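Notes for the one structure printed next.
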Amino acid sequence: MRVAFFEDEYADRFSPIALTRPVFELLCGHFSLRERVLRRLDITEWGALLRPHLAETYREQHPEAHVNDLNWLGAGPTLLINGRWLSDRCAFDLTLDQVGVRDDAVACILLEPVEVEFLKTTDLSTALKQLARTRRRVEIDGVVLEHPWDVVDRNARQLAIDFDSRPSPPAEVEGQVAILGSPAHIHIDATATVDPFVVLDSRNGPIWIDPGAVIGSFTQIQGPCFIGEAAHVCRAHVHGGVSIGPVCRVGGEIEASIMHAFVNKYHTGFLGHSYVCPWVNLGALSTNSDLKNDYSSVRVPLTGEPIESGQMKVGCFIGDHTKTALGSLFNTGSSIGAMCLVLPSGELLPKHLPSFSRMWHGELGGIPDVAQSIETARVVMERRNHELTPATERLYEHLFEQTQAERDAAIDRSRDKSARLSIRG
């Protein structure tokens, strides 16, 4: 089977967590959509149709993929899968006269080679909508994500689905480790380490611990939960609905959140109903709110303009390589871009910090030099034996230019607010 994952016109809605990756690479449950499909189906070749500025780094990360290659797409029938769709069963049995839809969005469609020429005449989203009108609609399972908080909201269910799809023997632990609930709902890889005085509670959902993970003493983990490869969880209280990706360092209290990979949250502090991208460092006592005092629906300023989430609990969304200092306090429904530097002043931080900005003693400004931020990122990645490649440098330089207007507008608003407060004072 040939498959191609595609981003539609709504991909930009997932800023800041999809600034540096396609939406089908966002972690939800144990895997991204792309990883899940490639694991479950017999795929012979696969491709990706994504935003142009991501193509170079994606080719570098996945040299086996055919990226934005319409000639490859025309070489044979190919199943196109919407990167925003998460299926319950990950089953695809469409025929050429059908289109899989969910919530009025094209979730998947089997593309014939002759139809690829049509894709060359217009944008992908428009072309697929027009092709879908020629097919018989088939309502399929799952959910089509609309915004970053939808990824977090889906996570608990996806954790249970992914656990059930990965058969494993019941957990066996030695020493003073407490298992609450059924051991059949807990998987611990043979190479993982679970220290004494750890509590694994599967009464409300399964727990999966990947190879090389280390669970330190006095940690409590409540399911559903996923601990990724080589992650370290130290003296933490992990509530249900949490995904901790590979090589994360985690302490404190975490609830209903996703830490994509290589996140450092080693110290005390609360993280709730949030998505944190790779290479983020959360300083000691960094904490977010995920519930308003009046229990009303949360609005989130993803790119500066508040968007109604329709949800009561929404935390923060933090882009790649952002650093927060000691005692950073994030308000309910905060959007923090990529490569931000956050030095708190003892008060709640602004709900919107655009990419490549810094919060410095209560004042919002731009970073003085994007080259210095890239160099810092290089040092951080080298500490985990990863290389920041020239292609990745070019991606961040592009994003710096792309987010300039958003950054300038946020800085102007911040200065206007400070001026008004000064006059009142």
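Values quoted throughout were computed directly from the atomic coordinates according to the rules given, and no laboratory measurement underlies them. These numbers come from a predicted model, not from an experiment. Using ideal geometry, Cβ is built from the backbone for each residue, glycine included, and neighbour counts are taken over all protein chains shown.
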Show me the ranking of peptides 308-314, 111-117, 230-236 by mean Cβ neighbours inside 10 Å, starting with the highest. 230-236, 308-314, 111-117
Most to least packed among 319-329, 135-145 [average Cβ atoms within 10 Å]: 319-329, 135-145
Quick one: putting +1 on the C-beta of Lys and Arg, -1 on the C-beta of Asp and Glu, what dipole do you get for the chain around its Cα centre, in Debye to the nearest 20? 840
Assign unit charges at the C-beta atoms only (+1 for Lys and Arg, -1 for Asp and Glu), then state the dipole size of the range 2-146 relative to its Cα centre in Debye, rounded to the nearest 20. 180
Separation between Cα centres of the range 347-405 and the range 97-133, rounded to whole Å: 37
Once the dipole of the range 1-147 is set up with Lys and Arg at +1 and Asp and Glu at -1 on Cβ about the Cα centre, which of Pro52, Val37, Phe118 lies farthest towards its positive end? Val37
Which aspartates and glutamates have a Cα less than 18 Å from the Cα of Lys351, not counting those fewer than 8 places away in the same chain? Asp290, Asp294, Glu305, Glu308, Asp320, Glu363, Glu406, Asp408, Asp412, Asp416
When the label point is put 7 Å from the Cα of Ala178 along its Cα-to-beta-carbon vector, which residues of the range 185-214 have a backbone N closer than 14 Å? 196-203
Given (i) 54, 49, 43; (ii) 66, 60, 44; (iii) 62, 57, 49, the label whose value is Cα extents along the principal axes in Å derived from this model: (ii)
Tell me, what is the percent relative contact order of the chain, built from C-alpha pairs under 8 Å that lie six or more residues apart? 10
Among Ser328, Leu388, Met359, flag the residue with its Cα farthest along the positive direction of the charge dipole of the range 310-425, charges on Cβ as +1 for Lys/Arg and -1 for Asp/Glu. Ser328
Fewest Cβ neighbours within 10 Å first, please rank Ile43, Ile17 accordingly. Ile43, Ile17
Given 0.36 nm per residue, what is the gain on full extension from Gln404 to Glu253 after removing their alpha carbon distance, in nm? 50.9 nm
Between Arg383 and Glu308, take the C-beta separation as r, use R0 = 45 Å, and let me know the FRET efficiency to the nearest 0.05. 0.65
Dipole of the chain, positive end: most advanced residue of Ser168, Ala371, Ala132 [Cβ charges, Cα centre]: Ala371
Share antiparallel - DSSP beta bridges, the chain, percent rounded to 5: 20
Calculate, for Glu139 and Tyr295, the FRET efficiency according to 1/(1 + (r/R0)^6) with r their C-beta to C-beta distance and R0 41 Å; round to the nearest 0.05. 0.75
Separation in nanometres of the label points that stand 7 Å from Cα toward Cβ, at Thr126 and Glu60: 3.2
Does the range 2-146 classify as rounded, prolate or oblate by the C-alpha gyration tensor (a ≥ b ≥ c root eigenvalues; a/c under 1.5 gives rounded; else a/b over b/c gives prolate, otherwise oblate)? rounded
Among Trp46, Trp360, Trp85, Trp72, rank each residue by its count of other Cβ atoms within 10 Å, from fewest to most, as a rough exposure measure. Trp360, Trp72, Trp46, Trp85
To make sure I understand, if each residue's beta carbon is the centre and we count other beta carbons within 10 Å, what order do Tyr396, Tyr58, Tyr275, Tyr10 fall in, fewest to most? Tyr10, Tyr58, Tyr396, Tyr275
